[in-house]
1. Give the residues of segment 79-94 that are open to solvent by 10 Å² or more (accessible area, probe 1.4 Å) and either touching a strand residue (DSSP E or B) at 6+ places or on another chain (Cβ under 8 Å) or part of a helix (DSSP H, G or I) (or both), sorted by residue number.
2. Which pairs have Cβ atoms under 6 Å, sit 6 or more apart or on different chains, and link a residue in segment 14-41 that is within 20 Å of Ala217 (Cβ to Cβ) to one that is surrounded by fewer than 19 Cβ atoms within 10 Å (Cβ to Cβ) and not β-branched (Val, Ile, Thr)?
3. Just checking: which of the helices (runs of 4 or more DSSP H) contained wholly in segment 166-280 hold 2 or more residues that are within 27 Å of Ala43 (Cα to Cα) and in contact (Cβ under 8 Å) with a residue 12 or more places away in the chain?
4. Pairs, please: C-beta under 8 Å, at least 6 apart or cross-chain, first residue over 21 Å from Ala194 (Cβ atoms) and in segment 144-159, second of a type in the set (Phe, Trp, Tyr)?
5. So in segment 110-119, with the set limited to residues that are of a type in the set (Ser, Thr, Tyr) and outside any helix (DSSP H, G or I), which one is surrounded by the most Cβ atoms within 10 Å (Cβ to Cβ)?
6. For the condition over 25 Å from Phe281 (Cβ atoms), free of Cβ contacts under 8 Å to residues at least 40 places away in the same chain and either open to solvent by 60 Å² or more (accessible area, probe 1.4 Å) or not polar (S, T, N, Q) (or both), what is the one hit in Ile122, Ile99, Ile107, Ile132?
7. Mind counting the residues in segment 38-60 that are modelled with pLDDT of 90 or more and of a type outside the set (D, E, K, R)?
8. Within segment 9-28, take every residue that is in contact with a helix residue (DSSP H, G or I) (Cβ under 6 Å, 6 or more places away or on another chain) and over 14 Å from Leu46 (Cα atoms) and give me the one that is surrounded by the most Cβ atoms within 10 Å (Cβ to Cβ).
Amino acid sequence: MAEITAASVKELRERTGAGMMDCKKALAEANGDMEAAIDWLRAKGLAAAAKKAGRTAAEGLVGVAVEGTRGAVVEVNSETDFVAKNEVFQDFVRNVAQIALKNGSDIEALSAASYPTGGTVIETLTDNIAKIGENQSLRRAAVVEVSEGVVVPYVHNQVVPGLGKIGVLVALEGAAPAETLTALGKQIAMHVAAANPLALNADELDSELVERERSIAMEKAKESGKPQNIVEKMVEGGLAKFRKDNALLSQLFVMDNKTPVAEVVAQAAKEAGTGIVLKSFVRFQLGEGIEKKQEDFAAEVAAAAGNSKAEPVA
């Protein structure tokens, strides 16, 4: 059996909101596997169905840039939040977003691209690490575009224009006036920042993620003690809700919390007298999916995990 550490109990508690002893039991049941422990807690109704990607766990900045019908978003990480206020770092993120507009989202190609002040992106990043005295990394990039229409950017928790903690791009295709598309795109981008959809529509949701939800729903339904035919209906109902809640077009618009986003787009198209298609979106939240080193944790956590003393954390 894998050793259940205080650090793993604390991480599971922070990621799920479950009680300390429930977290310890979940890790024991899952033989120390963090993701399996999360599923166990959810199946037992002890954890909220929180999206793993929604947890910010690294510092740095997300930057967005738009030119014409093409937009780019990048994430550059650092060790501390202080670096996000550094003008050298901000200039780098801003320039990399502009470079991604022309060079695309492949990190290897982006790193090798020419930097405005000379050298390459990766060489400039290496120089910045030496200047600032803190490790940094170009983590990811994405590019969206339309043949006709607009790409609308939005930055939440903005530090300076175009740079912040959450960056969103929304691509709207159509012949409606640019101001109409831009106003609609801004509202949808704000919705994306708040609601964190996992895909544009239900069919595009990751199949492995859907199957994982099915397993969790099945475990929950079985514990109800109801007949198999009822259990199957409960599972399908749960999956239908999951698809609806996590696909952008079927999510309820945050501006009124009652109209599906698809209907918001359709109404805008009707008022404009021409077709409007929500073609794609991208949302980067700073540090999502990255485990952040814990600075300290209480002795009670160590005791609950069955350790005689807390383990040091780097």
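The values are calculated or read from the model by the stated rules, or taken from the named source; none is laboratory data. Note that the structure is a prediction, hence the values are computed from the model and not measured. Cβ coordinates were reconstructed from backbone atoms using ideal geometry, including for glycine residues, and neighbour counts include every protein chain displayed. For the accessible areas, the whole protein counts, side chains as well, though only heavy atoms, and no ligand, DNA or RNA atoms are used. Shrake-Rupley method; radii C 1.70, N 1.55, O 1.52, S 1.80 Å.
1. Step one: of segment 79-94, the residues open to solvent by 10 Å² or more (accessible area, probe 1.4 Å) are 79-82, 85-88, 90-91, 94.
Once the filter is applied, which keeps residues that are open to solvent by 10 Å² or more (accessible area, probe 1.4 Å) and either touching a strand residue (DSSP E or B) at 6+ places or on another chain (Cβ under 8 Å) or part of a helix (DSSP H, G or I) (or both), segment 79-94 yields Glu79, Thr80, Asp81, Phe82, Lys85, Glu87, Val88, Gln90, Asp91, Arg94.
2. Gly17/Ala48; Ala18/Leu46; Asp22/Leu46; Ala30/Ala36; Trp40/Glu29
3. Working: elements: 178-195, 207-222, 228-246, 261-272.
Passing ranges, in order: 178-195, 207-222, 228-246.
4. Sorted first by the residue in segment 144-159, then by its partner, the list stays empty.
5. First, pick out the residues of segment 110-119 that are of a type in the set (Ser, Thr, Tyr): 111, 114-115, 117.
Checking which are outside any helix (DSSP H, G or I) leaves us with 114-115, 117.
Numbers: Ser114: 14, Tyr115: 17, Thr117: 10.
My answer is Tyr115.
6. Working: Ile99 fails: over 25 Å from Phe281 (Cβ atoms); Ile107 fails: over 25 Å from Phe281 (Cβ atoms); Ile132 fails: free of Cβ contacts under 8 Å to residues at least 40 places away in the same chain.
Every option except Ile122 fails the conditions.
7. Of segment 38-60, the ones modelled with pLDDT of 90 or more are 59-60.
Within this subset, residues satisfying the condition of being of a type outside the set (D, E, K, R) are 60.
Qualifying residue count for the region: 1.
8. Val9
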